[in-house]
Amino acid sequence: MTALTVVMAAALVVGSWPLAMMHRAERIMRGTGGPGIVPFELAESPREADRYMRAWGTTGRRAARQSIHWDFPFIAVYVTLLAAAALHVADRADAAGYSVLLVIAWGAAILAVAAGVLDVVENVVLLRTLSEHDGVHAVPRGRIRVARLCAQVKFAFVSVVGVAVLAGFGIVQLSRHPTSDATVLALLIATGVAAGVFTLLIRRRPRPQQPSVPETTGLAESQ
């Protein structure tokens, strides 16, 4: 068992605790009649973000903050897991002489770290949004755009890394047979296309049903 394998196994074990706590917070948020945390991350406007926060009420907003707080250790876990998996593929690719896959695997490891950084920025923005919610003043539009952009790019990076790692593990299994870099490159291009389609599905997701809560007349949306 290699050091990277130990790191991946440890990440899976450690990550179970924050994931369980985030799931618990998610249930509380949905129990209020509001959405989970992902629609809030991808809110398209201050009005939509405010609608979610009002639907949650005090209990749901507290749960949302708890979910985001638990997301910080989870970020460390999934970045470690994805980066270690990508580096494991890089080691196997280097041993098999697949230079193209080696470069791609290192790129995937870098994307995993970048996804974690974006997730941290997104969490900081969302925590500030929750702490300043008063039901009267709308969230600044620029803040919503930053959170949404970070979330979209994060999901895209994680998708690309995940698919690349899975494809890489499959490719290195062919190391016993003569496989050219052209074949590896073709498989990686197919992987990239699949990841791109998945990203488009995220970006063009159907607008979630809006919670039926009474509107506050004092809310003025920032432009």
* If you bin every alpha carbon distance in the stretch 1-78 into 5 Å steps from zero, what whole percent lands in each bin? -> 3, 16, 22, 19, 13, 10, 7, 5, 3, 2, 0
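Can you sort Ile110, Ile75, Ile28, Ile171 so the residue with the fewest Cβ neighbours within 10 Å comes first?
On the way: Ile110 13, Ile75 20, Ile28 17, Ile171 24.
Ranking Ile110, Ile75, Ile28, Ile171 by Cβ neighbours within 10 Å, fewest first, gives Ile110, Ile28, Ile75, Ile171.
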* Could you sort 89-97, 150-158 so that the peptide with the highest average Cβ count within 10 Å comes first and the rest follow in order? => 150-158, 89-97
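Values in this text are rule-based calculations from the coordinates and carry no lab data. This structure is a prediction, so every number in the text was calculated from the model and none was measured. Don't worry about glycine lacking a Cβ; one is built from the backbone with ideal geometry, like all the others, and counts go over all protein chains shown.
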